[in-house]
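The block underneath contains the structure these notes are about, expressed in structure tokens.
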Amino acid sequence: MRKFILGVLFIAVAFVGIAQTGYINPVIKGFNPDPSICRVGDDYYLVTSSFEYFPGLPIYHSRDLINWQQIGHCLTRDSQLPLHQANASDGLFAPSLRYHDGLFYVVCTNVSHGGNFYCTATHPAGLWSEPVHVKINSIDPDIFWDEDGKTYFVTQGDAIRVTEFDIKTGRLLSDERMVWGGVGARFPEAPHIYKKDGYYYLMIGEGGTEYAHSVTIARSRHIYGPYESCPSNPILTHCNHLGQGNPIQGVGHADLVQATDGSWWAVFLGFRVTQAYSYYHILGRETFLAPVDWPKNGWPQINGNGTVDLMMDVPTLPLKPFVSKPARTEFDVDTLGFEWQYLRNPIRENYSLKEKKGQLMIKATPYTLDETESVSFLGRRQTEHEFTAAAALAFQPKGKTDEAGLTLIQNNTHHYDLRLRKNGNQNSIQLRVRAGSIDYIAFEQPINSHDVELRIEGAPLYYTFYYKEAGTGNYKKLGNMDTRYLSTEVAGGFTGVMIGMYASSGGKQTGTKAWFDWFEYEIGSNLYIYGVKKSI
């Protein structure tokens, strides 16, 4: 109890911005898995996976490893990122971000189109080059520059593989060599090599990016091995008695960075579950942070015992937070913020910020949210269990298949759609549920207008849906739905829930347009542990 009270007091202090020690995990919230990090001077840069969403591979910046701000994406052009008909959780897997001789490198895999590639930029905010492809069939690649000038492509397979290659052309210069298979858990992947104290340290993820996930490490005097396994493996996991009761699960896929003060830190993925011992997670895999003790000629040890907490009471770098963004987007700008994402490559003419001043236009197209197509959708990550999302919508359906509104989408087979649609001769607000083979209208309310405000309130165990007609008083409750049907455990895949605005004509070409005057997303001020509210 004393530890918990101290943690709550720390959070209260941190929220007013005066704390210089401790922080709250995750440091990058919502669907941001497979983090990879590098430091250049006093600046830290980080990239995460994005799968079927466009633009691809968000890039984040920090000056203290705790406060992060998105500064762009690596892949912003269709020529860099073809995602045509990419299935849910296909597209971009597990990038790695590195800096060498004045250039930043992102190496990644597009499992839907083209395989392994890397891009370069003089600054991580971009613009990034066109992809250079590497003819190795794998995922989770990394690049390692050795002190002798040779460059190696490091990736996974039945074991971790190392190959010398030409960094200018992507051409392979040697055969692939398997160097280490891990400690015997399934799916050895996510390899990173670090040179320290004359050793090549090879750190990987094992066990699969689920509840058995872990981080293991080995070292050798030679890049091709043989590699000696750390006697304390795994150096990070919650798949043991120490981690089994933790609200953070699935920790793994780590990367290491040395800070400006000489300290070492690990970034890695994990997910926050909604209930104790009844595991569901809806936010996707997020980016967590932990300190690392790495003595000379010794083994790295993550946070003392290889586990992490939501409330980390450890010394930190001097905190340098960023100014918070406003909760409401007014659509009175020329370009949208980096938080906004399309599903696959967008059809540009289906969106406009200029057709009506201060409004976002989304054109209804025949594609629906059930399809793996370039649907008319624009969304952002759900980053906390407690949130409120709302939007003002003007939409006049021309036919019975026209619809527009807000969606909570985990993938094309699992989503909740709060929509305006025509029912007979009258408009209505509907909550449509798609959960695998289950597809039905859970709630419906006729309305007299085509100008509405839609609102969704989130909590760990349920979503609540509201609406009101323009010019009326308070929101009216439409109904509740269980969050678990949008969880990874039910829906599958590697992403998290996205909150989006969308329009569809349901297989017909009607050309109907939806107008969004504003969108608002605001997170709650409570800490949740296993779905239980802890007021701070």
Among residues belonging to region 215-257 that are assigned to a strand (DSSP E or B), touching a Ser or Thr at 6+ places or on another chain (Cβ under 8 Å) and not hydrophobic (A, V, I, L, M, F, W, C), point out the one that is nearest to Tyr279 (Cα to Cα).
Gly250
Among residues of region 377-393, those that are farther than 20 Å from Thr274 by Cβ and either at pLDDT below 95 or in contact with a Leu (Cβ under 9 Å, 6 or more places away or on another chain) (or both), counted
7
The one condition in (1) closer than 21 Å to Val47 by Cβ; (2) in a loop (DSSP other than H, G, I, E, B); (3) charged (D, E, K, R) that Arg380 fails to fulfil:
(2)
Considering Leu289, Leu256, Leu343, which residue is modelled with pLDDT of 95 or more, under 26 Å from Pro141 (Cα atoms) and not assigned by TED's automatic domain parsing to the domain that holds Val47?
Leu343
Mind counting the residues in region 40-66 that are farther than 15 Å from Gly126 by Cβ, surrounded by 17 or more Cβ atoms within 10 Å (Cβ to Cβ) and out of contact with any Cys (no Cβ under 9 Å at 6 or more places or on another chain)?
9
Given the structure, is Arg421 touching a residue at least 24 places away in the same chain (Cβ under 8 Å), closer than 19 Å to Gly479 by Cα and not assigned by TED's automatic domain parsing to the domain that holds Leu75?
yes
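A quick yes/no check of all residues on (1) closer than 30 Å to Leu236 by Cβ; (2) among the aromatic types (Phe, Trp, Tyr); (3) out of contact with any strand residue (DSSP E or B) (no Cβ under 9 Å at 6 or more places or on another chain):
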position	(1), (2), (3)
His281	yes, no, no
Pro291	yes, no, no
Pro315	yes, no, no
Tyr342	no, yes, no
Ile347	no, no, no
Selection count, region 97-118, where residues are assigned to a strand (DSSP E or B) and under 24 Å from Arg381 (Cα atoms):
6
Filter result (hydroxyl-bearing (Ser, Thr, Tyr) and crowded, with 17+ Cβ neighbours inside 10 Å) within region 230-255
Thr237
Among the residues in region 352-367, are any crowded, with 20+ Cβ neighbours inside 10 Å, within 19 Å of the chain's Cα centre (by Cα) and assigned to a loop (DSSP other than H, G, I, E, B)?
no
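Quick grid of which residues meet (1) over 26 Å from the mean Cα position of the chain (by Cα); (2) surrounded by fewer than 18 Cβ atoms within 10 Å (Cβ to Cβ); (3) part of a loop (DSSP other than H, G, I, E, B):
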{"position": "Gln430", "(1), (2), (3)": "yes, no, no"}
{"position": "Tyr440", "(1), (2), (3)": "yes, yes, no"}
{"position": "Val452", "(1), (2), (3)": "yes, no, no"}
{"position": "Tyr463", "(1), (2), (3)": "no, no, no"}
{"position": "Asn474", "(1), (2), (3)": "yes, yes, yes"}
{"position": "Gly479", "(1), (2), (3)": "yes, yes, no"}
Tell me yes or no: at least one residue of region 63-72 is in a strand (DSSP E or B), over 22 Å from Asn412 (Cα atoms) and among the acidic types (Asp, Glu).
no
I'm checking my understanding of the structure. Among residues of region 172-199 that are of a type outside the set (A, V, I, L, M, F, W, C) and within 14 Å of Ile143 (Cβ to Cβ), which one is surrounded by the most Cβ atoms within 10 Å (Cβ to Cβ)?
Pro191
Test result for Leu418, in contact with a Gly (Cβ under 8 Å, 6 or more places away or on another chain), crowded, with 23+ Cβ neighbours inside 10 Å and more than 30 Å from Thr287 (Cα to Cα)
no
Among Ala94, Ala86, which is outside the structural domain of Gly379 (by TED's automatic domain parsing), part of a loop (DSSP other than H, G, I, E, B) and closer than 17 Å to Ile139 by Cβ?
Ala86
Residues of region 159-196 that turn out to be charged (D, E, K, R) and in contact with a Phe, Trp or Tyr (Cβ under 9 Å, 6 or more places away or on another chain), as a count:
7
Check off (1) among the hydrophobic types (A, V, I, L, M, F, W, C); (2) farther than 24 Å from Arg219 by Cβ; (3) surrounded by 20 or more Cβ atoms within 10 Å (Cβ to Cβ) for Phe268 and give me the number that stays unchecked.
(2)
Could you go through region 126-143 and let me know if any residue there is on the phi > 0 side of the Ramachandran plot, more than 22 Å from the chain's Cα centre (by Cα) and assigned by TED's automatic domain parsing to the domain that holds Asn297.
no
All positions within region 239-279 that are more than 18 Å from the chain's Cα centre (by Cα), closer than 15 Å to Arg63 by Cα and in contact (Cβ under 8 Å) with a residue 24 or more places away in the chain
Val257, Gln258, Ala259, Thr260, Asp261, Ser263, Trp264, Trp265
Out of Thr274, Thr287, Thr307, Thr260, report the one residue that is part of a strand (DSSP E or B) and among the hydroxyl-bearing types (Ser, Thr, Tyr).
Thr287
Top-ranked residue in region 122-152 [being in contact (Cβ under 8 Å) with a residue 40 or more places away in the chain and assigned to a strand (DSSP E or B); ranked as surrounded by the most Cβ atoms within 10 Å (Cβ to Cβ)]
Asp142
Residue that is nearest to Gly91 (Cα to Cα) [pool: residues in region 327-351 that are in a loop (DSSP other than H, G, I, E, B) and over 21 Å from the mean Cα position of the chain (by Cα)]
Ile347
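The values are calculated or read from the model by the stated rules, or taken from the named source; none is laboratory data. Source: prediction; values computed, not measured. Quick reminder, even Gly has a Cβ in these numbers, built from the backbone with ideal geometry, and neighbours come from all protein chains shown.
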